[in-house]
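Beneath this line is the structure, given in structure tokens, with notes to follow.
The values are calculated or read from the model by the stated rules, or taken from the named source; none is laboratory data. Computed from a predicted model, the values in this text were never measured in an experiment. With ideal geometry, Cβ positions are generated from the backbone for all residues, glycine too; neighbour counts draw on all protein chains shown.
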Amino acid sequence: MDYSQLLEQYYGIQTEALYSNQPIRYKAKGYLYTIINATKLTQEMLIEFRQMSLHLQKFGERGVSSFCLSKNGKFLETVEGQDFIVLRNPVKKGRSYSNMGRKLAKFHYRGRFIQEKMVQTNRMGTWRFLWEKRLEQLEGFYHRLLQQSPSDPFDILFVDIFPYYMGMAENAIQYVADTELDEDPMESDAGTICHERFRPDTWGKTDIIKNPFDWVFDHAARDISEWIRYQFWHQQTRYKAEIKQFIKGYQSIQPLTVFSWRLIFARLMFPLHFFECVEDYFMTPSPQRKKELEEQLTRYIRDTKEYEHFLASFYQLAEVPIKRIQIPVVPWLLR
């Protein structure tokens with residue numbers, strides 16, 4: 001499909017240049033236009049994404065994408081049997097990754113004031129159930145592989161290590177359950193606009209773009225923990241300093257509650273990196289991608305002890321006074 005033609009024919013936008021392929025983004029007259037394939041999304045989800053976008057814009061959040069109306073006065077156009085939405089951002093250079101903790105805290109603060117009820121995008125209070133479902137699916141696959149006597153290198157790695165990660169996942173699920181029983185959430189623990197996976201480049205590397213299709217409605221701990229997880233696996237020489245700075249910046253705007261700290265820790269303990277790696281491997285048809293994921297899994301297995309040590313020392317690294325505020329530790333991590 002010629003996406004520049006789609007923009008011209010349906011939106012009256014004459015593009016100057018293709019700006020990126022992932023996602024598909026064009027430049028035209030000082031704006032960046034991002035094309036979203038919305039074919040698999042429900043109408044309710046699209047409405048919620050737009051409501052979140054309008055809300056954050058109203059509250060002065062910089063870099064939030066606007067939904068473009070087509071020449072037909074519609075936000076969604078169907079072309080060749082597929083549904084498309086076009087987002088617009090002014091070309092605005094900036095270092096979105098500097099002072100990330102402070103910026104994320106402000107984003108979350110503004111997101112908490114949204115009045116519309118989020119249903120399709122809501123993940124509040126669902127972590128345990130989603131994790132249990134994910135674990136059951138992978139456990140079923142594990143048992144089927146065992147019966148087949150796997151010979152593929154990735155399958156052998158997976159079968160050998162799965163019981164360890166299953167134990168880790170069960171611990172995380174229990175930690176969330178205990179947190180929900182033990183702690184009363186505070187006002188700042190209310191749901192807010194979050195990201196499916198928040199990483200240092202989520203808002204762009206050079207242009208600041210906050211894409212509503214990256215968002216979910218959840219507890220702020222989701223974004224904090226996923227940013228920290230990414231730092232551990234991708235910045236291993238300096239992740240401690242980065243995490244300290246990030247947390248300090250976040251708490252300069254919004255101090256974290258006991259409930260928040262426990263959710264952050266639980267999410268870090270749940271081995272989402274392992275689950276995503278395995279799921280991606282069995283879903284991708286690309287041999288090259290499979291090889292990359294096999295190398296990734298090998299690294300995760302190699303560094304399990306280091307990640308355990310990171311979890312065991314996390315509260316200390318984050319300067320959380322666990323004794324004074326009575327946050328429970330996980331005994332087996334301290335062995």
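Scan the range 142-161 and give yes if some residue there is surrounded by fewer than 16 Cβ atoms within 10 Å (Cβ to Cβ) and closer than 30 Å to Gln57 by Cα, otherwise no. No, the range 142-161 contains no residue that is surrounded by fewer than 16 Cβ atoms within 10 Å (Cβ to Cβ) and closer than 30 Å to Gln57 by Cα. For Thr78, the criteria (1) within 21 Å of the chain's Cα centre (by Cα); (2) of a type in the set (Ser, Thr, Tyr); (3) assigned to a strand (DSSP E or B) hold in every case but one, which is (1).
Would you confirm, using the coordinates I've provided, whether Phe217 is modelled with pLDDT of 95 or more, within 22 Å of Arg50 (Cβ to Cβ), of a type outside the set (Asp, Glu) and part of a loop (DSSP other than H, G, I, E, B)? Working first, answer last.
Details: modelled with pLDDT of 95 or more: yes; within 22 Å of Arg50 (Cβ to Cβ): yes; of a type outside the set (Asp, Glu): yes; part of a loop (DSSP other than H, G, I, E, B): no.
In short, no.
Scanning the range 157-203 for residues that are part of a loop (DSSP other than H, G, I, E, B) and over 27 Å from Glu295 (Cβ atoms) returns Glu183, Asp184, Pro185, Met186, Ala190, Gly191, Trp203. Between Leu54, Leu46, the distinction of being assigned to a helix (DSSP H, G or I) and either crowded, with 20+ Cβ neighbours inside 10 Å or assigned by TED's automatic domain parsing to the domain that holds Asp207 (or both) belongs to Leu46 only. For the range 113-126, the condition holds for at least one residue, the condition being that it is surrounded by fewer than 16 Cβ atoms within 10 Å (Cβ to Cβ) and either over 30 Å from Phe213 (Cβ atoms) or of a type in the set (Phe, Trp, Tyr) (or both). The requirement of being within 25 Å of Gln245 (Cα to Cα) and among the small types (Gly, Ala, Ser) is satisfied by Ser313. When residues in the range 102-133 are screened for being touching a residue at least 40 places away in the same chain (Cβ under 8 Å), assigned to a loop (DSSP other than H, G, I, E, B) and more than 18 Å from Gln57 (Cα to Cα), 6 of them pass. For the range 57-69, the candidate set comprises residues that are modelled with pLDDT of 95 or more and either touching a Gly at 6+ places or on another chain (Cβ under 8 Å) or within 22 Å of Ala17 (Cβ to Cβ) (or both); within that set, the residue that is surrounded by the fewest Cβ atoms within 10 Å (Cβ to Cβ) is Ser66.
Filtering Phe84, Phe113, Phe67, Phe107 for residues that are touching a Lys or Arg at 6+ places or on another chain (Cβ under 7 Å), hydrophobic (A, V, I, L, M, F, W, C) and not assigned by TED's automatic domain parsing to the domain that holds Asn171 leaves a single hit, Phe67.
Look through Thr179, Thr126, Thr192 and report the one residue that is at pLDDT 95 or above, hydroxyl-bearing (Ser, Thr, Tyr), in contact with a Gly (Cβ under 8 Å, 6 or more places away or on another chain) and at negative phi. Working first, answer last.
Working: Thr179 fails: in contact with a Gly (Cβ under 8 Å, 6 or more places away or on another chain); Thr126 fails: in contact with a Gly (Cβ under 8 Å, 6 or more places away or on another chain).
Going through Thr179, Thr126, Thr192 in turn, the sole match is Thr192.
Per the conditions (1) under 26 Å from Lys133 (Cα atoms); (2) assigned to a helix (DSSP H, G or I); (3) of a type in the set (A, V, I, L, M), the sole criterion not satisfied by Ile243 is (1). Based on what the data block shows, is Asn72 at negative phi and not assigned by TED's automatic domain parsing to the domain that holds Asn211? Answer is yes for this residue. Among the residues of the range 263-318, those that are surrounded by fewer than 15 Cβ atoms within 10 Å (Cβ to Cβ) and assigned to a loop (DSSP other than H, G, I, E, B) comprise Thr284, Pro285, Ser286, Ser313. If you filter the range 148-158 down to residues that are among the hydrophobic types (A, V, I, L, M, F, W, C) and within 27 Å of the chain's Cα centre (by Cα), you find that the one that is nearest to Arg302 (Cα to Cα) is Leu157.
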